[in-house]
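Okay, so here's the structure we're looking at.
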Amino acid sequence: MNQESRVVLITGGNRGIGLAMSRAFQQEGYQVFITSRSGEPVPGCIVIQADLNEADRAAQVIDQVENMAGRIDVLVANAGISKEILLVRYSDEEILDVINTNLVANIKLARRTAKSMMKARSGSIIFMGSVLGMTGAPGSTVYAASKAALIGLSRSLAREIGSRGITVNVLAPGYVQTEMTDSLPEVFKDKVIADTALGRIATPSDIAGVAVFLASAEARFITGAVIPVDGGLGMGH
Ligand code: NDP
């Protein structure tokens, strides 16, 4: 392991947007740690098996990264789930599943990561938000609530730890072609494409390079920002 490389942890880095980010960070020479629930190998990455909804698991994952790499420079809190359900049909269990995965686990990851980054007096934390956290959409109430909450989390944390040279930002993709969106009806996808200025749904690699940029020295004066990567779908929000 090259001790000079910068170290990134990408949660849910095994597939979808997370996998594209894993590859993009590898290309920039980072040591890339990822989490997945299966723990299956991913080329070029050090995989930590973790269900981030398990008690204390988020903090343990950061401990594991630091034990192996000696530090953490970038956290990309990417893992998330979506459930397309009208609010009146949501069970209590489903509400908690979305909020715990998309918000609570990320708060715990950020809390533990911030401690190390504050000592190092540098670092970058990137939360995976969504255009839906700003625009909302029918069927996305709880998902959108979890993503909107990441903005408040990010901006408050940015103010808490900015003086230590740590940036905290939110990426807000539009619709991206992954397993999360595979099952959406074609008619819905056609509507999204019609509403997207660039006239298509994103690929995971459309998002990945922006995460690399936010973690780079060139982005050192960007914090508390919500960066839309949505092809113009959410303009004005
Ligand atoms: P995928 O469904 O393809 O991947 C989701 C990832 O999250 C998987 O790696 C999955 O791991 C991980 N994950 C889910 N639950 C847990 C958990 N409890 N503990 C640990 N890991 C978990 O999703 P995408 O790549 O599409 O989405 C990635 C992020 O981007 C999400 O936060 C999503 O909300 C956001 N996003 C996606 C958009 C889209 O259109 N696709 C648009 C805007 C934002 P495992 O393989 O183990 O299940």
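The values are calculated or read from the model by the stated rules, or taken from the named source; none is laboratory data. This is a predicted model, so every value here is computed, not measured. So basically every Cβ, Gly included, is an ideal-geometry build from the backbone, and we count neighbours across all protein chains shown.
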- Item | helices (runs of 4 or more DSSP H) enclosed by the range 131-221 - at least 2 residues per element that are touching a Phe, Trp or Tyr at 6+ places or on another chain (Cβ under 6 Å) and buried (at least 21 other Cβ atoms within 10 Å of the Cβ) | 141-161
- Message: Here is a list: GLY232, GLY199. Which entry is within 15 Å of the ligand (Cβ to nearest atom) and on the phi > 0 side of the Ramachandran plot?
- Response: GLY232
- Does the range 6-24 hold any residues that are out of contact with any Asp or Glu (no Cβ under 9 Å at 6 or more places or on another chain) and either in a loop (DSSP other than H, G, I, E, B) or more than 15 Å from the ligand (Cβ to nearest atom) (or both), and which are they? GLY12, GLY13
- Output for the range 193-214, where each listed residue is under 14 Å from the mean Cα position of the chain (by Cα) and aliphatic (A, V, I, L, M): ILE207, ALA208, VAL210, ALA211, VAL212, LEU214
- Please specify each residue of the range 72-127 satisfying the condition of being of a type in the set (Ser, Thr, Tyr) and more than 12 Å from the ligand (Cβ to nearest atom). TYR90, SER91, THR113, SER116, SER122, SER124
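Per-residue answers, yes or no, for (1) part of a helix (DSSP H, G or I); (2) surrounded by 16 or more Cβ atoms within 10 Å (Cβ to Cβ); (3) at pLDDT below 95:
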| residue | (1), (2), (3) |
| --- | --- |
| VAL61 | yes, yes, no |
| LEU75 | no, yes, no |
| ASN106 | yes, yes, no |
| ARG111 | yes, no, no |
- Note on the structure: Within the range 160-187, the residues that are among the small types (Gly, Ala, Ser) and either modelled with pLDDT under 95 or within 20 Å of ASP206 (Cα to Cα) (or both) are ALA172, GLY174, SER183
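Counting only residues that are more than 11 Å from the ligand (Cβ to nearest atom) and under 13 Å from the mean Cα position of the chain (by Cα), which one in the range 154-177 is farthest from THR223 (Cα to Cα)?
First, pick out the residues of the range 154-177 that are more than 11 Å from the ligand (Cβ to nearest atom): 154-169.
Okay, now just the ones that are also under 13 Å from the mean Cα position of the chain (by Cα), so 154, 168-169.
Working: SER154: 9, VAL168: 5, ASN169: 6 Å.
It comes out as SER154.
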